[in-house]
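Data block below; observations after.
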Amino acid sequence: MNAEGGRRLGILIGVGLACALLPGIAVRGEETVDTALSFLTAAVVMAVLTQVVFVGPSGRVPPPALLLFGLVGFVQHALIWWLISWLGPKVSDLHVDGLPTILLAALITRATTLLLSQLSPAAETAGD
């Protein structure tokens, strides 16, 4: 898996973890299809916008740079989760309640994305 694959997988896992763990993210539909559509909506919006405006390392980086990428990416993911909180009820049954939930979801998504991008084998060879 290359670094880009690690980022995409990190986004999918991060969105899934945020949707599953945070009580402020709710699917108000009654069908399993509603849950899948809500997750898919959040994952697609997050994946597309993070690919359009990419903020992150392309390989292993020293801790100060990783902290900077994490902070800037956290702001990016918080803005995207804010968009998802507005867009979710309009296109699916996804509801994101409040700023604390948005910030926690952004933290989970960004941490997962950075972790998987730094653990990928391609990231190790990119720094050499």
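Throughout, read-outs are computed from the coordinates displayed, never taken from laboratory work. Not measured: the values here are computed from a predicted model. Backbone-built Cβ (ideal geometry, glycine too); neighbour counts: all protein chains shown.
Rounded to the nearest angstrom and ordered from largest down, what semi-axes does the equivalent ellipsoid of segment 23-71 get from its C-alpha gyration tensor (root of 5λ)?
Three semi-axes, in Å: 32, 13, 8.
Taking 8 Å as the Cα distance limit and 6 or more residues as the minimum spacing, I'd like the relative contact order of the chain as a percentage.
48 percent.
Within 10 Å of each candidate Cβ there may be at most 15 other Cβ atoms; applying that plus a DSSP loop requirement, which GluC sites (Glu not before Pro) in segment 1-81 survive?
Those that pass, being in a loop and sparsely packed, are Glu30, Glu31.
How large is the helix-only mean residue ellipticity at 222 nm for the chain, computed as the sum of -39500 (n - 2.57) over DSSP H runs with n ≥ 4, divided by its residue count, in deg cm²/dmol to the nearest 500?
Mean residue ellipticity, 222 nm, calculated: -26000 deg cm²/dmol.
For the chain, modelled as a Gaussian network with Cα springs under 10 Å, which listed residue fluctuates most, Ala106, Ala42, Ala65?
Top of the fluctuation ranking is Ala65.
Any idea what % of Cα-Cα pairs in the chain are farther than 27 Å?
Value for the chain (Cα pairs over 27 Å): 18 percent.
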